[in-house]
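The values are calculated or read from the model by the stated rules, or taken from the named source; none is laboratory data. The shown structure was predicted, so the numbers you read here are calculated from the model rather than taken from an experiment. Here the Cβ positions follow ideal geometry from the backbone for every residue, glycine too, while neighbour counts run over all protein chains shown.
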Amino acid sequence: MFIDYARIIVKAGDGGHGIIAFRREKYVPKGGPSGGDGGCGGDVILQVDARLATLQDVHYHRIYKAGRGRHGSGSNKHGADGKSITVRVPPGTVVKDAGTHELLADLVEPGHVFLAARGGAGGFGNAHFKSSRNQSPHEATDGQAGEERELELELKILADVGLVGFPNAGKSTLLSRLSRARPKVADYPFTTLQPYLGIVKSGEYRSFVMADIPGLIEGASKGKGLGIQFLRHIERTRLLLFLIDATLPEPVEEQLRVLRQELEAYLPHLSDREALVVLTKQDAWVEAPNTETLQEEGHRVIGISAVSGEGLPELVHMIDAELEQRRHGETVTVKENSFYDI
Ligand SMILES: Nc1nc2c(ncn2[C@@H]2O[C@H](COP(=O)(O)OP(=O)(O)OP(=O)(O)O)[C@@H](O)[C@H]2O)c(=O)[nH]1
Ligand SMILES: [Mg+2]
């Protein structure tokens, strides 16, 4: 199941207490202080695991508790530290405080770690308090409590290109034509109910990641259809493709206007993101749509057919050139079909 939101409780281990003890040795009437320090509590750490594609695991396992530090003991024995635990999350996980919604971390690169709850420091045993003025201190401190908090985890998947369009526009068909991802395709609206990722090869050693998301409809930002919550998955893409079914009677510029309006309602300026307008189902066009207005407005427009393959090499080339221009050198590893297998 595709799960992109979870709340978890992280509780680090408490520190162990320091203790009061004195050396007892034969022929040494007044042994010095020998109470050991307590061990530190274990931490709770979040770490990005590139093999994960959803927050499913953390959704079902809500509470993460690290081990507590052991108390110190006599003969200056330090208590053992508590065991830290690592919670694995998929790349693209945004971590917020569940109470204040403050952004705490954006975990992108595989291996990235975030200290979610710090273990409590161990207390000091009385050996620690020995000084020239006080040779036999009767003082020890307790370990500190480990941090505890509730976190909100939100997955915003990482892709280079995001497909945006009304239901039935041909988004999933295009993704399955260009990559090995196999989202379901059907001639009814809302076939796709979760995001799908595919890796599109654009050259011998080049590729980009394309994300297919559920269709948008007018009023989605007010909760119509499937709403707009899945738009978070295209929020971070560098390029948007507006897929518009040019066999429909509605003028293409009107369709584009509605799509952009919904994007804007979700996140201001999202509709200003670099984009290509892709007119789909070219094999079924009775006449070529009028794209003059779109072009006058500065949109780059291309016609394709995912069925006959018309326009697809040109589209891939355009995307590749566009991404190349804005590549910042970062690479993100995403497992193809990763959502599909679940
Ligand atoms: N003739 C023709 N039909 C197409 C083309 N691309 C997609 N279709 C058809 O359009 C219908 C919808 O395709 P999908 O790919 O499922 O559309 P979608 O945009 O993913 O739809 P949702 O998942 O509901 O948002 C299917 O019946 C496809 O076979 C095309 O290039 N030419
Ligand atoms: Mg679809």
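Say we look at segment 45-92 and pick out the residues that are of a type in the set (Ser, Thr, Tyr) and at pLDDT 95 or above; which of these is nearest to Lys156 (Cα to Cα)?
Thr86
Could you go through segment 112-124 and let me know if any residue there is aliphatic (A, V, I, L, M), buried (at least 23 other Cβ atoms within 10 Å of the Cβ) and not assigned by TED's automatic domain parsing to the domain that holds Ile234.
Yes: one or more hits.
On the basis of being within 16 Å of ligand 1 (Cβ to nearest atom) and touching a residue at least 60 places away in the same chain (Cβ under 8 Å), does Leu240 make the cut?
yes
Among the residues of segment 193-216, are any more than 24 Å from Gly92 (Cβ to Cβ) and either within 10 Å of ligand 1 (Cβ to nearest atom) or crowded, with 24+ Cβ neighbours inside 10 Å (or both)?
No, every residue in segment 193-216 fails to be more than 24 Å from Gly92 (Cβ to Cβ) and either within 10 Å of ligand 1 (Cβ to nearest atom) or crowded, with 24+ Cβ neighbours inside 10 Å (or both).
For segment 51-124, give me every one of the strands (runs of 3 or more DSSP E) that falls completely inside it and has 3 or more residues that are within 15 Å of Glu147 (Cβ to Cβ).
Hits in segment 51-124: 63-65, 113-117.
Given the structure, is Val164 under 26 Å from the mean Cα position of the chain (by Cα), β-branched (Val, Ile, Thr), buried (at least 24 other Cβ atoms within 10 Å of the Cβ) and at pLDDT 90 or above?
In short, yes.
Considering segment 177-192 alone, what residues qualify as being touching a residue at least 40 places away in the same chain (Cβ under 8 Å), within 10 Å of ligand 1 (Cβ to nearest atom) and within 30 Å of Asp106 (Cα to Cα)?
Pro183
Please work out which residue is nearest to Asp320 (Cα to Cα), limiting yourself to segment 175-192 and to residues that are loosely packed, with under 15 Cβ neighbours inside 10 Å and basic (Lys, Arg).
Once the filter is applied, the top-ranked residue is Arg180.
Yes/no matrix, rows are residues, columns are (1) farther than 28 Å from Ile3 by Cα; (2) among the hydrophobic types (A, V, I, L, M, F, W, C); (3) in contact (Cβ under 8 Å) with a residue 12 or more places away in the chain; (4) buried (at least 19 other Cβ atoms within 10 Å of the Cβ):
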{"position": "Arg24", "(1), (2), (3), (4)": "yes, no, no, no"}
{"position": "Gly35", "(1), (2), (3), (4)": "yes, no, yes, yes"}
{"position": "Gly39", "(1), (2), (3), (4)": "yes, no, yes, yes"}
{"position": "Asp43", "(1), (2), (3), (4)": "no, no, yes, yes"}
{"position": "Asn76", "(1), (2), (3), (4)": "yes, no, yes, no"}
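Looking at (1) touching a helix residue (DSSP H, G or I) at 6+ places or on another chain (Cβ under 9 Å); (2) not in a loop (DSSP other than H, G, I, E, B), find the lone condition where Glu218 falls short.
(2)
Only one of these is away from ligand 1 (no atom under 13 Å from the Cβ) and in the same structural domain as Lys30 (by TED's automatic domain parsing): Gly146, Gly223. Name it.
Testing whether each residue is away from ligand 1 (no atom under 13 Å from the Cβ) and in the same structural domain as Lys30 (by TED's automatic domain parsing) leaves just Gly146.
Considering segment 149-204 alone, what residues qualify as being part of a strand (DSSP E or B) and within 30 Å of Lys11 (Cβ to Cβ)?
Once the filter is applied, which keeps residues that are part of a strand (DSSP E or B) and within 30 Å of Lys11 (Cβ to Cβ), segment 149-204 yields Arg149, Glu150, Leu151, Glu152, Leu153, Glu154, Leu155.
Out of Gly111, Gly92, Gly72, I need the residue that is over 19 Å from the mean Cα position of the chain (by Cα) and not hydrophobic (A, V, I, L, M, F, W, C). Which one?
The match here is Gly72.
Taking the condition of being touching a Ser or Thr at 6+ places or on another chain (Cβ under 8 Å), closer than 29 Å to Arg236 by Cα and of a type in the set (Val, Ile, Thr), how many residues in segment 278-306 meet it?
3
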